[in-house]
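Each remark here refers to the structure printed beneath this line.
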Amino acid sequence: MKGNNMKIYIFDNSEALFERLSSFYIKEIKSNPSLKLGLATGGTPVPLYAKLVADHKLNGTSYQNVKTFNLDEYIGINENHEQSYRTFMNSNLFNHIDIKMSNTNIPRGNTKDNYEEIRIYNKILEENVIDIQLLGIGTNGHIGFNEPDSQFDSKTRIVSLSKETRYSNERFFKSIDEVPTHAITMGIGSIMNAKKIILVATGNNKASIIKKMIEENITKNVPASILQTHDDVVIYLDKEAASLLSVK
Ligand SMILES: O=P(O)(O)OC[C@H]1O[C@](O)(CO)[C@@H](O)[C@@H]1O
């Protein structure tokens, strides 16, 4: 059942969705220039980042004092690999705004000691309460790389990627063999610590998991369903992703 505090916005198309979402972010950044933003990767947030870059170039909205914290990174590929999430964030956002790179936090998947990296990232997340956490959602309900059966109180850790997740990310690699099998991810417990969570989903392929996440029981089998218990969740959907919802 829909969480009491979930707000759902449904848009005719993704252009209208990202116009409204980017306006929200720009207003928040202007009213709190030291905002702490949890950021996501994947295909969904790309139009948001493009609109934030366009606004920065046109209107000079400053990110000088903004800090960012990304959800996840692949294990075993270098930060400068074309498909690393560091490369994704730099090329989609960070290289085009005036954010200080030292204020952008992404877990590293290529260190000599993954457990030291986990400790470092957990410490960063303990020292910084995220104001607004942006989420996409995998077709199996994963948030970040918290796959089905992840503990709801989990913290940063190394996870093995499900077959469904690897195949859905194959589009970014030359072949399935090149898709990493493991990732380092912010845990669900850390995600739920954010003051506000914004989840974005577009396209028919997300309709079924959006219905499960919002209208069905909270279950570890659908990690995103735990968001029903958070006190400030806003869900932005295009009409395709919302097409199976009974509550509109
Ligand atoms: O937005 P997309 O490309 O559908 O990806 C959905 C989810 O899958 C991931 O890319 C990880 O596989 C997440 O980062 C993202 O939220």
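Of all the criteria given as (1) within 24 Å of residue 235 (Cα to Cα); (2) touching a helix residue (DSSP H, G or I) at 6+ places or on another chain (Cβ under 9 Å); (3) of a type in the set (Val, Ile, Thr); (4) surrounded by fewer than 20 Cβ atoms within 10 Å (Cβ to Cβ), the one not satisfied by residue 158 is (1).
Between 183, 241, the distinction of being buried (at least 22 other Cβ atoms within 10 Å of the Cβ) and in a loop (DSSP other than H, G, I, E, B) belongs to 241 only. When the range 37-94 is filtered for residues that are within 11 Å of the ligand (Cβ to nearest atom) and either among the small types (Gly, Ala, Ser) or in a strand (DSSP E or B) (or both), the ones remaining, listed by number, are 39, 40, 42, 43, 70, 72, 73, 74.
Take the conditions touching a residue at least 40 places away in the same chain (Cβ under 8 Å) and either within 16 Å of the ligand (Cβ to nearest atom) or closer than 26 Å to residue 29 by Cβ (or both) and apply them to residue 145. Does it pass? Walk me through how you get there before you give the answer.
On the way: touching a residue at least 40 places away in the same chain (Cβ under 8 Å): yes; either within 16 Å of the ligand (Cβ to nearest atom) or closer than 26 Å to residue 29 by Cβ (or both): yes.
Criteria met by residue 145.
Let's see how each residue does on (1) away from the ligand (no atom under 12 Å from the Cβ); (2) under 15 Å from residue 73 (Cβ atoms):
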residue	(1), (2)
158	yes, yes
170	no, no
174	yes, no
177	yes, no
184	yes, yes
211	yes, no
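Considering the range 211-225, the residues that are in contact with a helix residue (DSSP H, G or I) (Cβ under 9 Å, 6 or more places away or on another chain) and in a helix (DSSP H, G or I) include one that is nearest to residue 162 (Cα to Cα), namely 223. Candidates are the residues of the range 95-126 that are assigned to a loop (DSSP other than H, G, I, E, B) and in contact (Cβ under 8 Å) with a residue 60 or more places away in the chain; the one that is surrounded by the most Cβ atoms within 10 Å (Cβ to Cβ) is 107.
Laboratory data are not the source of any read-out in this text; all were calculated from the coordinates shown. For clarity, every value in this text was computed on a predicted model and none was experimentally measured. Quick reminder, even Gly has a Cβ in these numbers, built from the backbone with ideal geometry, and neighbours come from all protein chains shown.
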